[in-house]
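**Student:** Structure in structure tokens, see below.
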Amino acid sequence: MADKTIPAAAAAAAAEEEEERPSPAPSLRSLGNYAVGPIPTLVYVPGFISESEQSQLLHHIYQAPAPKWKPLKNRRLQNWGGVVHEKGLLPQALPSWLTKITDRICQWTGLFPSAINHVLINEYHPNQGIMPHQDGPAYFPVVAIISLASAVVIDFTPHQRLKGREHTDPQDIHSGEMQTAIIERNGSQKLEGANEAEHDSSSLLLMPCSLLIFKDQAYTDYLHGIQDNELHNLDKIMAAASAFTGVFGDGRHAVTVAMVEEGRRCSSAVREGTAPVGGGGAPPKPLLVTSPYEGGEYPVVVFLHGYLANNSFYSQLFQHVASHGFVVVAPQLYTISGPDTTGEINSAAAIIDWLASGGLSPKLPPDVRPDLTKVSISGHSRGGKVAFALALGHAKISIPIAALVAVDPVDGMGVGKQTPPPILTYRKNSLRLRGSAPAMVIGTGLGELPRGPLLPPCAPRGVSHADFYDECAAPACHLVARDYGHTDMMDDVTPGVRGLLTCAVCRRGGARAPMRRFVGGAMVAFLKRWVESEPELLDSLRARPETVPVVMSVVEFREATEPRISS
């Protein structure tokens, strides 16, 4: 967060329900960038609606009168927009809570010849589905589906495999002309791999808040359905879903979390195992150390917390990163701090020197070893500024920095109001990191917006992510989550007064989990590329940015023109 005085009204604002506001129109690329799999004219857009919009839709759906629900054999549905009969549609106006979404679909896609005038809302519980079917001529040539509440697998099967069999859903046999959207509220299906392959069909994992569009050949030549099984197979899932079950989800490692205090004691909490914590020299600052439990040698990430935050506020993010094979070391740099960050820079340097002295190894589970030739630095908000300062040589450190990841970094309260020592120079490519280390800058779309009329923005324009990236020398990349705020990568619950302020002071984008998965997955992909020489994850993110758990408004990569120098 930017260094600032917090008005007394801020704490009260956190206790109030955040006001409903219209979401901005999607900053999306052309439809062709969202095509998935081998089936022509099949389009998948993750995060098309926000978490708050999803909550509002679910609220309205379940506030509908009981007679609005029509029970069917394997699901129930609501019909909005009029009565369908053999001669067409007897129209009724859609409610405003639906047109808010349907109008956006029309405006962005440009595929519907007129406004969407009919919506079916299907509710599926575990073990419920819908047989492979065609939606019928009334809906031709295009259908849009919004998914809510949980993930589900939809299957597409070529017509030629089903000759002689009737698979058209009776609810969808209509004539006439309608423009329709389907909203699906899915129960909690368990998703699991399978061994059998069916070569002539394809499947797609639909995540909550996503938009699926199928038209033309995908509409006429394929049947679509949802299996009525609690276990859904993932082996045939198309490429758009892979990121959600890979780098943006938990990795394969069980994780331990240890609190290492200054010269007094060390206590630990463990996920999926028990890890004794040994002795060793005390660190210069209290630490939160998150690591894989399984034996092996792992790269190290030093993460620096934001202004007036606790290192524990990022524990879920650390567990995500550690589960992919990293040791995350997060010092608590201070309890009270003024505008000058020099002390934090020196404290962070002391932590890195402590790593070099071998102090970390005794604090890790048995047979877990930190790879001190692969130490990266990361930080959020003011901690991102401190990370840049270290990588630029503002303090002497005994280990070279392998890579830098700055999460919504902030260099003060605004242009001309940088906190000492200033990092931004307002000259292109002026931030040349030691050893030509690569830099990733992750930004937020809402960070530069104030939480309310009495509060300044937490990541003011002119001293935030875009300015840091503009000044980064290559190699560098810049990713911005459009609909999320400055603290939305923190834990779901941040206790205490400081935790309250993370909600009260900064503008928020709804549930934190998608943003946290995005930041954790992006960090892992970037570090795998530059620290582990495994470029596939970052290349996939770059080639298909629509597959991440949030909508990104900026995806930029700056390639190095000269060989990288190591030290």
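**Student:** Confirm whether residue 546 is of a type in the set (D, E, K, R), modelled with pLDDT under 95 and assigned to a helix (DSSP H, G or I).
**Tutor:** Working: of a type in the set (D, E, K, R): yes; modelled with pLDDT under 95: yes; assigned to a helix (DSSP H, G or I): yes.
Considered against the rule, which asks whether it is of a type in the set (D, E, K, R), modelled with pLDDT under 95 and assigned to a helix (DSSP H, G or I), residue 546 comes out as yes.
**Student:** Next up: Pick from 450, 409, 420: which is in contact (Cβ under 8 Å) with a residue 40 or more places away in the chain and within 30 Å of residue 373 (Cβ to Cβ)?
**Tutor:** On the way: 450 fails: within 30 Å of residue 373 (Cβ to Cβ); 420 fails: within 30 Å of residue 373 (Cβ to Cβ).
Just one listed residue meets the conditions, 409.
Residue-by-condition table, conditions (1) assigned to a loop (DSSP other than H, G, I, E, B); (2) out of contact with any helix residue (DSSP H, G or I) (no Cβ under 8 Å at 6 or more places or on another chain); (3) open to solvent by 10 Å² or more (accessible area, probe 1.4 Å); (4) of a type in the set (Gly, Ala, Ser):
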residue: 479; (1), (2), (3), (4): no, no, no, no
residue: 483; (1), (2), (3), (4): yes, yes, yes, no
residue: 487; (1), (2), (3), (4): yes, no, no, no
residue: 503; (1), (2), (3), (4): no, no, yes, no
residue: 508; (1), (2), (3), (4): yes, yes, yes, no
residue: 511; (1), (2), (3), (4): yes, no, yes, yes
residue: 514; (1), (2), (3), (4): no, no, no, no
residue: 521; (1), (2), (3), (4): no, no, no, yes
residue: 537; (1), (2), (3), (4): no, no, yes, no
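**Student:** Please enumerate the residues belonging to region 444-480 that are of a type in the set (S, T, N, Q) and over 26 Å from residue 548 (Cα atoms). It would help to see each step written out before you state the result.
**Tutor:** Start the filter on region 444-480 by keeping residues that are of a type in the set (S, T, N, Q), which leaves 444, 464.
Once the filter is applied, which keeps residues that are of a type in the set (S, T, N, Q) and over 26 Å from residue 548 (Cα atoms), region 444-480 yields nothing.
**Student:** While we're on this one: Say we look at region 28-38 and pick out the residues that are open to solvent by less than 40 Å² (accessible area, probe 1.4 Å) and outside any helix (DSSP H, G or I); which of these is modelled with the lowest pLDDT?
**Tutor:** Here the residue is 28.
**Student:** Now, a different point. Could you count how many residues in region 371-399 are over 18 Å from residue 471 (Cα atoms) and either free of Cβ contacts under 8 Å to residues at least 60 places away in the same chain or touching an Asp or Glu at 6+ places or on another chain (Cβ under 6 Å) (or both)?
**Tutor:** 7
**Student:** Could you please tell me which pairs satisfy a Cβ distance under 9 Å, a separation of 6+ or placement on different chains, a first residue in region 139-156 that is of a type in the set (Asp, Glu), and a second residue that is surrounded by fewer than 23 Cβ atoms within 10 Å (Cβ to Cβ) and at pLDDT 80 or above?
**Tutor:** Pairs that qualify, where the first residue is of a type in the set (Asp, Glu) and the partner is surrounded by fewer than 23 Cβ atoms within 10 Å (Cβ to Cβ) and at pLDDT 80 or above, are 155/132; 155/223; 155/225; 155/227.
**Student:** Being touching a Leu at 6+ places or on another chain (Cβ under 8 Å) and more than 22 Å from residue 307 (Cβ to Cβ) narrows it down to one residue among 524, 505; which is it?
**Tutor:** Result: 524 is the single residue among 524, 505 that is touching a Leu at 6+ places or on another chain (Cβ under 8 Å) and more than 22 Å from residue 307 (Cβ to Cβ).
**Student:** Could we say that residue 345 is modelled with pLDDT under 95, in contact with a helix residue (DSSP H, G or I) (Cβ under 9 Å, 6 or more places away or on another chain) and either open to solvent by less than 10 Å² (accessible area, probe 1.4 Å) or more than 20 Å from residue 458 (Cβ to Cβ) (or both) here?
**Tutor:** So residue 345 does not fit the description; no.
**Student:** Here's another thing I want to ask about it. When residue 556 is evaluated against the numbered criteria (1) in a helix (DSSP H, G or I); (2) open to solvent by 20 Å² or more (accessible area, probe 1.4 Å), which criterion, by number, is the only one it fails?
**Tutor:** (1)
**Student:** Can you pull out the strands (runs of 3 or more DSSP E) entirely within region 39-121 that have at least 1 residues that are of a type in the set (A, V, I, L, M)?
**Tutor:** Where strands (runs of 3 or more DSSP E) fall fully within region 39-121 and carry at least 1 residues being of a type in the set (A, V, I, L, M), they are 42-45, 76-80, 82-85, 88-91.
**Student:** So, one more: I want to confirm something. Restricting to region 489-501 and keeping residues that are part of a helix (DSSP H, G or I) and among the aliphatic types (A, V, I, L, M), which single residue is farthest from residue 517 (Cα to Cα)? Walk me through how you get there before you give the answer.
**Tutor:** As a first pass, look at region 489-501 and keep what is part of a helix (DSSP H, G or I): 496-501.
Still in the running and among the aliphatic types (A, V, I, L, M): 497, 500-501.
Values: 497: 25, 500: 22, 501: 22 Å.
Per the criteria, the residue is 497.
**Student:** Would you point out which residue out of 434, 427 is free of Cβ contacts under 8 Å to residues at least 60 places away in the same chain, on the phi < 0 side of the Ramachandran plot, of a type outside the set (Gly, Ala, Ser) and open to solvent by 50 Å² or more (accessible area, probe 1.4 Å)?
**Tutor:** It is 427.
**Student:** Any idea which of 392, 404 is under 20 Å from residue 531 (Cβ atoms), of a type outside the set (Lys, Arg), open to solvent by 20 Å² or more (accessible area, probe 1.4 Å) and modelled with pLDDT of 95 or more? Steps first, please.
**Tutor:** Working: 404 fails: open to solvent by 20 Å² or more (accessible area, probe 1.4 Å).
Unique residue meeting the criteria: 392.
**Student:** In addition: State all residues of region 245-301 that are modelled with pLDDT of 85 or more and at positive phi; if no residue qualifies, say none.
**Tutor:** 296, the sole residue that qualifies.
**Student:** May I pose another question? For region 413-425, how many residues meet the condition of being modelled with pLDDT of 95 or more and within 17 Å of residue 470 (Cβ to Cβ)?
**Tutor:** Residues flagged as modelled with pLDDT of 95 or more and within 17 Å of residue 470 (Cβ to Cβ) within region 413-425 amount to 5.
**Student:** Out of the residues in region 118-128 meeting the condition of being of a type outside the set (Val, Ile, Thr) and at pLDDT 85 or above, tell me which one is farthest from residue 153 (Cα to Cα).
**Tutor:** The selected residue is 118.
**Student:** Scanning region 321-340 for residues that are among the β-branched types (Val, Ile, Thr) and not in a strand (DSSP E or B), which turns out nearest to residue 295 (Cα to Cα)?
**Tutor:** Within region 321-340, the match that is nearest to residue 295 (Cα to Cα) is 321.
**Student:** Residue 135 - would you say it is open to solvent by less than 40 Å² (accessible area, probe 1.4 Å), acidic (Asp, Glu) and modelled with pLDDT under 85?
**Tutor:** Numbers: open to solvent by less than 40 Å² (accessible area, probe 1.4 Å): yes; acidic (Asp, Glu): yes; modelled with pLDDT under 85: yes.
Yes.
The values are calculated or read from the model by the stated rules, or taken from the named source; none is laboratory data. All of these numbers come straight from a predicted model, not from anything done at the bench. Glycine also receives a Cβ, built like all others from the backbone with ideal geometry; neighbour counts cover every protein chain displayed. We work out accessible area using only protein heavy atoms, side chains counted, and drop any ligands, DNA or RNA first. Shrake-Rupley method; radii C 1.70, N 1.55, O 1.52, S 1.80 Å.
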